[in-house]
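Q: The following block contains the structure, expressed as structure tokens.
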Amino acid sequence: MPSAVRLIEVGPRDGLQNEKTPISTESKLSFINCLLDSGLREIEITSFVSPKWVPQLGDAMDLIAALPMDRGALYSALVPNQKGLERALETGIDRIALFTAASESFTKKNINATIAESLANFREIMTEFRKVHPKGFVRGYVSTVIECPYEGRVAPDQVKPVVMELAQMGVNEICLGETIGVAVPAEVEALAHVLEDSIDVEMIAWHFHDTRGTAIANVEAMWRRGYRSFDASAGGLGGCPYAPGAGGNLAMEDLVYFLERSGVQTGVDLSKLALASEPIWQELGRTSPSKVHQAVLSACQG
Ligand code: HMG
Ligand code: MG
């Protein structure tokens with residue numbers, strides 16, 4: 001199998017955004033440094049969202065100001081609106097992620113906008129961002145691509161127009177979010193099949209939550225179809241505050257283990273990766289749900 005996989009670590013953002021226990025900026029920085037030590041290079045750091053909506057990420061400006069800039073890392077952050085863009089531009093970050101969804105109810109609950117309003121805002125945000133960062137990277141997230149926590153099943157034909165509009169406005173990548181972690185491979189394949197008529201596999205990243213333990217099966221199905229960009233979070237941290245019942249992200253440990261055992265080099269040291277999120281789990285008073293995480297830690301201790 002080809003080795004050109006892209007691993008995007010979303011733990012500091014998606015992993016923490018839903019946690020009520022405040023994690024200090026220092027702890028986040030230490031976490032990020034440990035993730036870099038493990039060999040990961042692309043990290044979604046935080047979000048420029050309203051601190052009233054997501055208090056855990058209220059330190060976005062301070063966190064970005066303190067990030068190590070000499071470690072070859074690619075840092076990105078979520079931007080929901082104009083105010084978020086202004087804050088992002090102030091920090092100088094040159095990779096942003098815009099986010100909308102395939103279902104109206106989720107979009108309304110998540111960003112207080114309709115899908116059409118969000119896309120219209122993104123057009124303006126893209127234009128302004130590119131004026132400042134002509135070579136900057138813009139990801140466009142589409143959430144609820146399989147099912148919405150408020151509306152139920154989402155058909156591929158509902159997803160496609162949102163994906164196409166993001167592509168048409170010139171984002172660098174589209175990330176498909178299986179927000180609540182219900183999907184099985186046949187459903188993800190059906191979606192991929194519909195999208196592949198109109199969009200290159202290289203443009204797509206997959207973002208699976210692992211609420212029901214199906215995320216790695218979905219990764220495998222998409223890997224076989226030629227997709228090479230996958231999101232995951234250290235230890236399987238995560239969940240969306242506006243997606244009731246959503247569990248954590250696919251654990252990065254599960255993803256790295258799956259790839260390495262399949263003969264794909266990831267450049268990630270699994271032991272260092274498993275250790276990276278341990279202080280965060282301790283602060284949260286829980287343990288990682290990832291079996292690979294647990295097995296790697298047991299092997300380290302044994
Ligand atoms: P709103 O209340 O409609 O905003 O929220 P508003 O424009 O009416 O402003 C209200 C107040 O918020 C004002 O302050 C603004 O200045 C302030 P006040 O005058 O009351 O003092 N404000 C902001 N402050 C800081 N940064 C901003 C900002 N915008 C307004 N950017 C808003 C709209 C989009 C802000 C809100 O809905 C929000 O923050 N939503 C974010 C929700 C979120 O972070 N969700 C999780 C991320 S998405 C996800 O997890 C899914 C994903 O992982 C993929 C998948 O799994 O599917 C990506
Ligand atoms: Mg998510």
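Q: Does any residue of segment 269-284 turn out to be within 16 Å of ligand 1 (Cβ to nearest atom), touching a residue at least 12 places away in the same chain (Cβ under 8 Å) and within 18 Å of the chain's Cα centre (by Cα)?
A: no
Q: Looking at (1) out of contact with any Ser or Thr (no Cβ under 6 Å at 6 or more places or on another chain); (2) within 14 Å of ligand 1 (Cβ to nearest atom); (3) aliphatic (A, V, I, L, M); (4) more than 20 Å from Glu19 (Cβ to Cβ), find the lone condition where Val49 falls short.
A: (4)
Q: Right, Ala251: crowded, with 24+ Cβ neighbours inside 10 Å and within 13 Å of ligand 1 (Cβ to nearest atom) or not? First the steps, then the outcome.
A: Working: crowded, with 24+ Cβ neighbours inside 10 Å: yes; within 13 Å of ligand 1 (Cβ to nearest atom): no.
No: the conditions fail for Ala251.
Q: Could you tell me how many of the residues in segment 285-297 are touching a residue at least 40 places away in the same chain (Cβ under 8 Å) and not hydroxyl-bearing (Ser, Thr, Tyr)?
A: To start, the set of residues in segment 285-297 that are touching a residue at least 40 places away in the same chain (Cβ under 8 Å) comprises 285, 288-290, 292-293, 296.
Keeping just the survivors that are not hydroxyl-bearing (Ser, Thr, Tyr) gives 285, 289, 292-293, 296.
Residues that pass the stated criteria total 5.
Q: Do we have any residue at all in segment 235-248 that's more than 14 Å from ligand 2 (Cβ to nearest atom) and over 15 Å from Leu176 (Cα atoms)?
A: Step one: filter segment 235-248 for residues more than 14 Å from ligand 2 (Cβ to nearest atom), giving 235.
In the following step, the residues that additionally are over 15 Å from Leu176 (Cα atoms) were identified as 235.
The answer is yes, given that some residue of segment 235-248 is more than 14 Å from ligand 2 (Cβ to nearest atom) and over 15 Å from Leu176 (Cα atoms).
Q: May I ask you to say which residue of Asp197, Asp254 is touching a helix residue (DSSP H, G or I) at 6+ places or on another chain (Cβ under 8 Å) and at negative phi? Reasoning before the result, please.
A: Details: Asp197 fails: touching a helix residue (DSSP H, G or I) at 6+ places or on another chain (Cβ under 8 Å).
Checking each option against the conditions leaves just Asp254.
Q: Another one. Within segment 213-248, track down each residue that is in a helix (DSSP H, G or I) and in contact with a Cys (Cβ under 9 Å, 6 or more places away or on another chain). Don't jump to the end; show me each part of the working.
A: If we filter segment 213-248 for residues that are in a helix (DSSP H, G or I), which is where we start, we get 215-224, 234-236.
Residue satisfying the conditions is Ala234 alone.
Q: Give me the residue from segment 198-213 that is more than 17 Å from the chain's Cα centre (by Cα) and touching a residue at least 24 places away in the same chain (Cβ under 8 Å) and, out of that set, least open to solvent (accessible area, probe 1.4 Å).
A: It comes out as Ile199.
Q: Cβ-Cβ below 9 Å, separation at least six or inter-chain, first residue in segment 168-194 and farther than 17 Å from Thr107 by Cβ, second open to solvent by 50 Å² or more (accessible area, probe 1.4 Å) and outside any loop (DSSP other than H, G, I, E, B): which pairs?
A: Once the first residue is farther than 17 Å from Thr107 by Cβ and sits in segment 168-194, its partners that are open to solvent by 50 Å² or more (accessible area, probe 1.4 Å) and outside any loop (DSSP other than H, G, I, E, B) give Gly170/Arg130; Glu173/Glu202; Pro185/Glu220; Glu187/Arg153; Val194/Asp157.
The values are calculated or read from the model by the stated rules, or taken from the named source; none is laboratory data. Since the structure is predicted, the reported quantities are computational estimates derived from the model, not experimental observations. When we count neighbours, we look across all protein chains shown, and the Cβ atoms used for this are built from the backbone with ideal geometry, even at glycine. These area figures cover heavy atoms from the full protein model, side chains too; ligands, DNA and RNA do not enter into them. Shrake-Rupley method; radii C 1.70, N 1.55, O 1.52, S 1.80 Å.
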